[in-house]
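One structure is given here, and the rest of the page talks about it.
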Amino acid sequence: MDRILELTELRARRDALPAWLVPAVLALLGVAWGVLLARLSLWDGLLLTALAFILVTSVWEPLVGVGAALFLGPLQAWLRIERPQIPALIGQGIFMVTVAIWIGRGLLQRDVHIPLPPLLLPLLGFVGVALLSLWKPTDVWMGLLELGKWGQMLVMFLLVYDRVRGVQGRKRVILVIALLAGVAVFQALVGLWQFGLADDLPEHFAIDARFYRAYGTFEQPNPYAGFLGLIGGLLAGLALAGVWDWLLRITNHESRITNFKFGLLLFALVAVVAALLASWSRGGWMGFAAAIFVIAILLPRRSGWGLVLAVVIVVGGLGLYAAGWLHPSIASRLTGFLEYTRFEDVRGVGINDANFAVIERMAHWQAALSMWRERFWLGVGFGCYEAAYPAHRLINWPFALGHAHNYYLNLLAETGILGLGAYLTLLGSIFVSLWRTSRRTTGWLRGLALGLAGAWTHFTVHNFVDNILVNNVHLHLGVLLALSAWVIGRARDEENARRSLRA
């Protein structure tokens, strides 16, 4: 009753306003905006207008601000080098404004609440251990920066999950997937242009006299491939599930695929995979291959058929290699990744141009293990690998690479055995929940579960040889967490509803 009275009072106040007031205020704002734009350059004016548009539309729907943050976040490295006049952290800035709008909307609607989605507890468990590792860190500031990255991931997780719940959840999930795919396609097109059309690119990215490794706006091919593999795994699961359902319908003499959205999905997948290949990243290729392998195992409902399909994929790939149908440069790249996964003591090993990259990586792995041995339980502090490196480096490797080029060893060094255990618990919770969801759901929901399993597989495997949580990719990871929690919860609700009907 009180709510009805409040609404009635608000309508009465609105009706009491003069009819000319709103147009007059809008006219004054328009004039002020025009004067401001007149004093700015064309590009500054366009940027300011775009930011204003994002701000206004985010008040209507915070997912607009999320999409802008997802697009602008990966521009950070490029902005620092090519456009220093624009704040490199503009993506994070828009994200924080979007979070403020999301909270403000809740306050105005008197509906402020923190959602409790699936996967929240294991995520909080890891963040808690990471915070505990900063009790006596090597460098407090670096630790807080890394913890802040995971804090942003957590907030993105909660924000997106909150927006995709309820009656509009399905449509908003599709919107979020489209946002991720759009960002990935943009990055893919930039990378393909760099691969075959651009000139005057960094010489150390040259593949041969004509082609260059694609790196998008990441300024480095490996994290670029890591990002593409994340979204590529998601798109691959959706696409393969659609094709699988189509094949099943053909056996039942039903209609073929004519969905326009499916065509867009295939275009996005082809563009992303092409750019991933053009990145020439061993870790990216290895992670995406593992993603396809996992999706193939989960695709048929009977696990036996899934294993058969996975074996067919592996045997087919080996057959292409044995028959010499792969380009020699690609074949050597595929087989060369084994050098980057082995481990040995490299103290005193001779260094030359052929083994430099491998030995450098192993030297940083050894430094990480040295940090862990010194602080077994909680490590040197979350985010403090680079700060602790000088005290643990090998004599021939004085300069840190920023991380250990193996995220698991990096976590072991920074957060100890407790932190690595909490992180593996988080990954295990994600995979087990998505596997169960893939068995409970049908249609596009099942495709989403398979795609997310592929994305997390790529993330897990690629991080064995790198750390892809750079250039604001943690924001995209927060969105993938939200999508994972949503599809897990949706499958659980549908199963409970079926049980209620049977009862």
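Nothing in this text is a laboratory measurement; each read-out follows from the coordinates by a stated rule. Quick caveat: nothing in here was measured; it's all calculated off a predicted structure. Cβ atoms come from the backbone with ideal geometry, glycine included; neighbour counts cover every protein chain shown.
Taking 25 Å as the straight-line reach from the Cα of K261, the lysines in range (excluding those fewer than 8 positions away in the same chain) are K171. Can you tell me how region 40-113 classifies by the Cα gyration tensor, rounded, prolate or oblate, using a/c under 1.5 as the rounded cut? Judged from the Cα gyration tensor, region 40-113 comes out prolate (a/c at least 1.5, a/b above b/c).
Using per-residue counts of other Cβ atoms within 10 Å, averaged over each peptide, order 50-60, 116-126 from highest down. All intermediate terms of the calculation are to be shown ahead of the outcome.
Numbers: 50-60: 14.5, 116-126: 17.7.
Those peptides, ordered most packed to least, come out 116-126, 50-60.
Each of W244, W456 has some number of other Cβ atoms within 10 Å of its Cβ, and from fewest to most they run W244, W456.
Whole Å is fine, so just give me how far the alpha carbon centre of region 467-503 lies from that of region 133-176. Taking the Cα centre of region 133-176 as reference, the centre of region 467-503 is 14 Å away. Distance between the pseudo-spin-label points of L424 and I207 (7 Å out from Cα toward the beta carbon): 3.6 nm.
Just check region 144-256 against the gyration tensor rule for me: Cα atoms, a ≥ b ≥ c as the square roots of the eigenvalues, rounded for a/c under 1.5, and otherwise prolate or oblate depending on whether a/b exceeds b/c. Oblate.
For a Förster distance of 41 Å, can you work out the FRET efficiency between the beta-carbons of L47 and A274, rounded to the nearest 0.05? Here the calculated transfer efficiency is 0.85.
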